[in-house]
Amino acid sequence: MPLHVLFTAVLTVVASVATDAARMQGPTCRITRIVDGDTVHCSGVKIRLLLIDSPERKQRPFGQRATQQLARLIPVGTTVRLEYDLDRTDRYGRTLAYLYTPGGTLVNEAMVRQGFAVPLVYPPNVRYVERIRTAASAARAARTGLWAVDAFDCLPVDARKRRC
């Protein structure tokens with residue numbers, strides 16, 4: 001293998017590790033309230049989890065089940081790490097973030113993989129869109145979580161708009 005190819009490969013790996021390390025050093029906060037399956041209060045800040053949408057609390061019983069699942073992943077009192085994408089707030093003033101458990105699990109992806117949320121994409125925040133879509137496909141195919149009871153026949157975004 002030519003030396004310049006090897007050097008480029010090593011630099012690529014080092015850059016990737018450095019990027020991952022930087023993400024692992026992101027800001028942290030303590031969960032103080034679980035609002036629903038895609039929104040929490042963390043150290044006094046309202047945070048909307050990026051790229052996911054869970055049933056609304058009024059979508060009974062599915063909203064409550066999604067809220068309970070998020071509470072199992074990150075119970076009140078848990079310190080989580082935040083990662084931002086390009087837009088840091090939404091039009092409602094909520095902070096937009098990816099959340100990580102102390103063990104390094106991407107909470108946004110876990111909620112989808114476990115079948116308690118679906119992908120919801122608002123560009124330019126698309127860093128993990130493929131991971132989230134892959135998790136959704138797997139959950140739907142396996143009829144995991146709320147997919148087992150057809151809870152997503154009416155998607156949360158459609159329920160909010162009273163389309164179903």
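Laboratory data are not the source of any read-out in this text; all were calculated from the coordinates shown. Nothing here was measured: the structure is a model prediction, and the numbers come from that model. Don't worry about glycine lacking a Cβ; one is built from the backbone with ideal geometry, like all the others, and counts go over all protein chains shown.
Rounded, prolate or oblate: pick one for segment 79-160, where a ≥ b ≥ c are the square roots of the eigenvalues of its C-alpha gyration tensor, a/c under 1.5 means rounded, and failing that, prolate if a/b is larger than b/c, else oblate. The shape class here is oblate. Relative to the longest principal axis of the Cα atoms of the chain, the long axis of helix 62-73 makes an angle of roughly 40 degrees. Relative to the longest principal axis of the Cα atoms of the chain, the long axis of helix 3-24 makes an angle of roughly 40 degrees. Dipole of the chain computed with +1 at Lys/Arg Cβ and -1 at Asp/Glu Cβ about the Cα centre; of VAL118, VAL157, THR101, farthest Cα towards the positive end is VAL157. Scanning residues 5 or more positions from GLY37 or on other chains, those with amide H under 5 Å from its amide H are THR67, with H placed 1.01 Å from N in the peptide plane. Cβ-Cβ distance of ALA148 and LYS58, R₀ of 22 Å, FRET efficiency by 1/(1 + (r/R0)^6): the value works out to about 0.55. Within segment 42-56, find all residues whose amide N lies under 18 Å from a label point positioned 7 Å from the Cα of ARG91 along Cα-to-beta-carbon. The answer is 48-53, whose backbone nitrogens lie closer than 18 Å to the label point. Computed from Cα atoms, the angle from the helix 129-142 axis to the main principal axis of the chain rounds to 50 degrees. Can you match percent of Cα pairs over 26 Å apart to one of these, (i) 30; (ii) 23; (iii) 26, based on a calculation from the structure here? Label of the calculated value: (i). Here segment 88-164 and segment 32-70 have alpha carbon centers that stand 11 Å from each other.
Remark: the HIS41-THR79 segment gains 12.5 nm on full extension, using 0.36 nm per residue and subtracting the alpha carbon distance.
Considering helices alone, the calculated mean residue ellipticity of the chain at 222 nm is -11500 deg cm²/dmol, with DSSP H runs of length four and up weighted by -39500 (n - 2.57) and normalised per residue.
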